[in-house]
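All remarks here apply to the structure that follows.
Rule-based calculations on the coordinates, nothing more; no lab input. Since this is a predicted model, take the numbers as computed values, not measurements. A quick note on method: Cβ atoms are made from the backbone with ideal geometry, for glycine too, and the neighbour counts reach across all protein chains shown.
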Amino acid sequence: MLSWLLIASPLAHGGRADVGGYFRIAARPDLQGGAGRLGYWNLYGRLMNEGSYGMIELRYDVLEPSGDAPWTNLHVRMEGGSITNADGQNGGLNAFRMSQVYIESGNVGIDNVTWRVGTLEYYFGYMGLYDMRPATLFAQTVGFSAAYRTDHIEFMVGGGDAGYGIRKERYSAIPTGGALLRVRVPNFEIGGGAEVLYEPGVAGSVNAPYQTPNIEYEDWVRGEVAERYIEDFPGLEDFFPDPEPRSALSWTAVGHLGFGGFGPLQWNNTFVRYGLAHPQTFTEELLVGDPVQIYVKDFTDQRRSLLIGNEMQLSVVPQRLDAAWGVLYGDQSDGDNSIIPSDDARWYASTVLRLQAYATPTVHFLAESSLAREQSKNGNAFREHADSIFANTDGRPDVRGLQNGDTDTRDTLQLKGGVVLNPLGPGIFARPSLRLLYGVQFSNVNNAFGNSFVESLEQYDDFDTVEQHAHHLVALEAEVWF
Amino acid sequence: MRALFALLLLAGCPKTVVLQAPVPTQVRVATVLESPTEGQLEERASARGAITAELQKRNFTPVPVEVHAPHHKRFEVLADGADGALLLLVESSARYSSQMNGRYRWTVDVQARLADPAQPDDAIEAKFTVPVHLLYSHQREADALVSAMPSIARRVGVLLDEWITSHQQ
């Protein structure tokens, strides 16, 4: 990947190339049967809950900015979550993707306006404790944008196509449009934006939105639509209902408020995102041995999500002790689904506090704690005990049950601490960072981390089960931006 | 625990012997921040602290000088009234690059020049680029310079060492 980037040398094109990027790598030997992450995901804080990652971005200046003169540059970014010997994919390039390619031009036609063609992803800010960007727009869009930027105002309109971003190899055009505005004055910033995605029905296209008529939601989630049809209409497999055309609409609205620069508060960011997810196209079942597509637009078009996040950075004792405190709340609802637990029907809340004390400018001590609750809206979703594999509907054994385990709530407490070496000096988010950490997680859920314990009744017969609610890890890790 | 204690002790120890100017020497220091599109900008006073420290620990006495002039006139302005003092001009140009997975990537191009006004042909110079990754969108050129300053000060220290070495012979 690096050699590919170096081909674009400044000498080759008479312009100027700049390569930046980000890498993190960790060794976390897990002696409790886990995969080297303290918990399931970064709701409990990113620290020790994320794996290795690599990213390289090339910026090539075709025309460098200079005064009011036109300028233009190319950005190419490759990234992925695998590094040799540090994860299951062992650094394979199939874990990487070309995530951003765009060309920007400024001062062409209108001063202070930047034209952009390519990938359009834009975010209002970042929650470093969670590694989340809640207020993001155009994440799946390739297209065109125009941004007017001054020191105090940023206004952008954009549009394009999210068809490949959402449907991938089952492409169907999804025209997208949106706009955002942010206003800055000293110590204060406010902004917001929205995007709308519309997928029209296209006669004859198998990838366009459709709904297979006369089928039940429960049969679909069980994967029994074809089976039910044959039961009802034996011998009539050639007359399985044709899908009916639909169109699909989804949207996202985001907001941001930032302030700081007074007292111990360095900065506080609040983000809000509310949106309607784009519906699925189809799933496949076997109808008397032959694959049949079950189109499900009507079953998946009421998935709404709300995400609210707040993160502040505090200088508690200047040059001696800094703190970062984050709060996250998410609420996801699925108007089509009231019968099976899923990630689209739950709420969660979390708080993370990190303290970093500076023994010297380059040797620091870190302590972090997080407390989180996740609750399913459609019944049990979690297993509390080693024998919970038998528990289903309302915690009872039920081979036809759609629930999972014996509780609808997962509570998680994590405590982490250790030594940090920061060659560039103090700062919670200063990088590079070399860390030796110990972390422990307590959860009401059994083995609440990525693991290779038994998951099915067949495995239960062959392997012992383990009940453990505490998970300990020691981590040696490094992180760098360059 | 012993290893941790040893680590802390080592962290507090000086890593190298710092070269010293043979006699206390005044250095007129100017740092200039500009943007490729907006020209010269105001910088934060705190940005100069690291360079001041590099000078002081080498037996130099920094004399801060404000320079507001076009690029080709800056050294001339700094030299005006030098009266035997050395001249150190650190020019930096900060430029926003892109949103990069949560951070705001900037590059700071730096040209640092150290000269004795009596021997302008012996000036020593360094040109380099420091990438910085700011956390917030409201942070601009002055923040980028503050963030880049540990690396800039390190390179200025190398310039000072070169000057000391060349004047010890």
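Could you line up A:317, A:221, A:480 from fewest to most neighbouring Cβ atoms inside 10 Å?
Ranked by crowding around the Cβ, least crowded first: A:317, A:480, A:221.
Once you sort the root eigenvalues of the Cα gyration tensor of chain A as a ≥ b ≥ c, which label holds: rounded (a/c under 1.5), prolate (a/b larger than b/c) or oblate (the other case)?
oblate
Within a 10 angstrom radius of each residue's Cβ in B:92-104, how many Cβ atoms of other chains show up on average? Whole number is fine.
For this peptide, the per-residue mean of nearby foreign Cβ atoms is 6.
Peptides A:329-341, A:81-93, B:28-40: what's the order by average Cβ count within 10 Å, highest mean first?
B:28-40, A:329-341, A:81-93
With θ set to phi - 60° and the Karplus curve 6.51 cos²θ - 1.76 cosθ + 1.60, what are the ³J(HN,Hα) couplings of segment A:259-272 in order, to the nearest whole Hz, using x for Gly and Pro?
For segment A:259-272, the Karplus-derived couplings read 7, x, x, 9, x, x, 7, 6, 6, 10, 10, 10, 10, 9 Hz, x marking Gly and Pro.
Might you report the magnitude of the Cβ-based charge dipole of segment A:119-293 about its Cα centre, with Lys and Arg at +1 and Asp and Glu at -1, to the nearest 20 debye?
Result for segment A:119-293 is approximately 1400 debye, rounded to the nearest 20.
Using only the alpha-carbon atoms of segment A:342-479, report the extent along each of the three principal axes, biggest first, to the nearest angstrom.
Answer, in whole Å and largest first: 60, 33, 18 Å.
At residue A:343 and residue A:41, where each label point lies 7 Å from the Cα along Cα→Cβ, what is the point-to-point distance in nanometres?
0.5
Within 10 Å of each Cβ in peptide A:420-427, how many partner chain Cβ atoms are there on average? Round it to a whole number, please.
2
By what distance, in whole Å, do the Cα atoms of segment A:119-293 stretch along each of the three principal axes, largest value first?
Principal-axis extents of segment A:119-293 (Cα, largest first): 76, 33, 22 Å.
Shielding by partners for B:134-142, please: the mean number of other protein chain Cβ atoms within 10 Å of each residue's Cβ.
Average neighbour count from other chains, rounded to a whole number: 6.
How big is the dipole moment of chain A about its Cα centre under a simple scheme where the beta carbon of each Lys and Arg is +1, that of each Asp and Glu is -1, and everything else is neutral? Debye, nearest 20, please.
2380
Amide H of residue B:63 versus every other amide H placed in the peptide plane: which residues, excluding those fewer than 5 positions away on the same chain, fall under 5 Å?
Under 5 Å from the amide H of residue B:63: B:27, B:28, B:29.
Kindly write out, for segment A:126-139 in residue order, the coupling ³J(HN,Hα) from the Karplus curve 6.51 cos²θ - 1.76 cosθ + 1.60 (θ = phi - 60°), rounded to whole Hz, with x marking Gly and Pro.
Working through the residues one at a time gives 9, 10, x, 5, 9, 6, 10, 10, x, 9, 10, 10, 6, 5 Hz.
Taking a temperature of 10 °C and a viscosity of 1.306 mPa s, what whole-number D in µm²/s does Stokes-Einstein yield for segment B:48-164 with Rh from Kirkwood over alpha carbon pairs?
104
Hand me the tally of lysine pairs in the protein assembly as shown: alpha carbons under 29 angstrom apart, and the pair either on different chains or 8 or more positions apart.
6
Report ³J(HN,Hα) in whole Hz for each residue of segment A:279-296, in order, from the Karplus equation J = 6.51 cos²θ - 1.76 cosθ + 1.60 where θ = phi - 60°; Gly and Pro get x.
Whole-Hz 3J(HN,Hα) from phi for segment A:279-296: x, 6, 8, 8, 10, 10, 10, 9, 10, 6, x, 10, x, 9, 8, 9, 7, 9.
Suppose we keep just the alpha-carbon trace of segment A:273-422; what are its Rg and Dmax in angstrom?
Both quantities, over Cα of segment A:273-422: 21.9, 71 Å.
Quick one: if the Förster radius is 41 Å, what FRET efficiency do residue A:482 and residue B:63 give, using the C-beta to C-beta distance and rounding to 0.05?
0.75
Hey, can you rank A:249-261, A:136-148 by average C-beta count inside 10 Å, highest first?
A:136-148, A:249-261
What does the convex hull of the Cα atoms come to per residue for segment A:45-102, in Å³?
Cα convex hull per residue, to the nearest whole number: 117 Å³.
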